[in-house]
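All remarks here apply to the structure that follows.
The values are calculated or read from the model by the stated rules, or taken from the named source; none is laboratory data. Keep in mind it's a predicted model, so treat the numbers as computed, not measured. For neighbour counting, all protein chains shown are included, and Cβ atoms are generated from backbone atoms with ideal geometry for every residue, glycine included.
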């Protein structure tokens, strides 16, 4: 099996995903902004950990350079703030957008070239039922999770328009 990079791997769904992929034989790179939690997950699954804030593009790109390869990218990192849209602060909105939307973009930019080098790969970006239910009290969170599916199509289109990706697709 290959290398699976899992963001938000320090707890919850990210940790469970890392555990499952490890059981399936993948080498796990557990990424989380909480280094202690990332290290615990990595130790549990026999993988390695990286501390990274996915909202910081330069930090994501630098972290990706420390990973030898990537066959699977799990964009799991996500946050929410419980409040109504009327009570949402600018910081609330920017924080949730930065993690839930831009984090996916920065991680994809960082790891797709590694996938191309290895002949391909898979990207899984987690959404939420909140994207469709529009539950009250979740602020901008549902909108950020609604952005995941169209972003996947955009990533595919952008990759296809990239010279590097076109050359790779023509060879295979």
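Quick test for you: out of 62, 98, pick the one residue that is part of a helix (DSSP H, G or I) and either touching a residue at least 40 places away in the same chain (Cβ under 8 Å) or touching a strand residue (DSSP E or B) at 6+ places or on another chain (Cβ under 8 Å) (or both).
Numbers: 62 fails: either touching a residue at least 40 places away in the same chain (Cβ under 8 Å) or touching a strand residue (DSSP E or B) at 6+ places or on another chain (Cβ under 8 Å) (or both).
That would be 98, the only listed residue that is part of a helix (DSSP H, G or I) and either touching a residue at least 40 places away in the same chain (Cβ under 8 Å) or touching a strand residue (DSSP E or B) at 6+ places or on another chain (Cβ under 8 Å) (or both).
For every residue, the table says whether it meets (1) in contact (Cβ under 8 Å) with a residue 24 or more places away in the chain; (2) in contact with a strand residue (DSSP E or B) (Cβ under 9 Å, 6 or more places away or on another chain); (3) surrounded by fewer than 15 Cβ atoms within 10 Å (Cβ to Cβ).
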{"residue": "27", "(1), (2), (3)": "yes, yes, no"}
{"residue": "43", "(1), (2), (3)": "no, yes, yes"}
{"residue": "47", "(1), (2), (3)": "yes, yes, no"}
{"residue": "51", "(1), (2), (3)": "no, yes, no"}
{"residue": "57", "(1), (2), (3)": "yes, no, no"}
{"residue": "66", "(1), (2), (3)": "no, yes, yes"}
{"residue": "72", "(1), (2), (3)": "yes, yes, no"}
{"residue": "76", "(1), (2), (3)": "yes, yes, no"}
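I'm trying to understand the selection: among the residues of region 78-92, which are modelled with pLDDT of 80 or more, in a helix (DSSP H, G or I) and surrounded by fewer than 16 Cβ atoms within 10 Å (Cβ to Cβ)? Show your work before the answer.
First, pick out the residues of region 78-92 that are modelled with pLDDT of 80 or more: 86-92.
Within this subset, residues satisfying the condition of being in a helix (DSSP H, G or I) are 86-87, 90-92.
Those that are modelled with pLDDT of 80 or more, in a helix (DSSP H, G or I) and surrounded by fewer than 16 Cβ atoms within 10 Å (Cβ to Cβ): 86, 87, 90, 91.
Count, please, the residues in region 29-41 that happen to be in a loop (DSSP other than H, G, I, E, B) and surrounded by 18 or more Cβ atoms within 10 Å (Cβ to Cβ). Working first, answer last.
The first filter runs over region 29-41 and keeps only residues in a loop (DSSP other than H, G, I, E, B), leaving 33-34.
Filter once more, keeping what is surrounded by 18 or more Cβ atoms within 10 Å (Cβ to Cβ): 33.
Looking only at that region, the number is 1.
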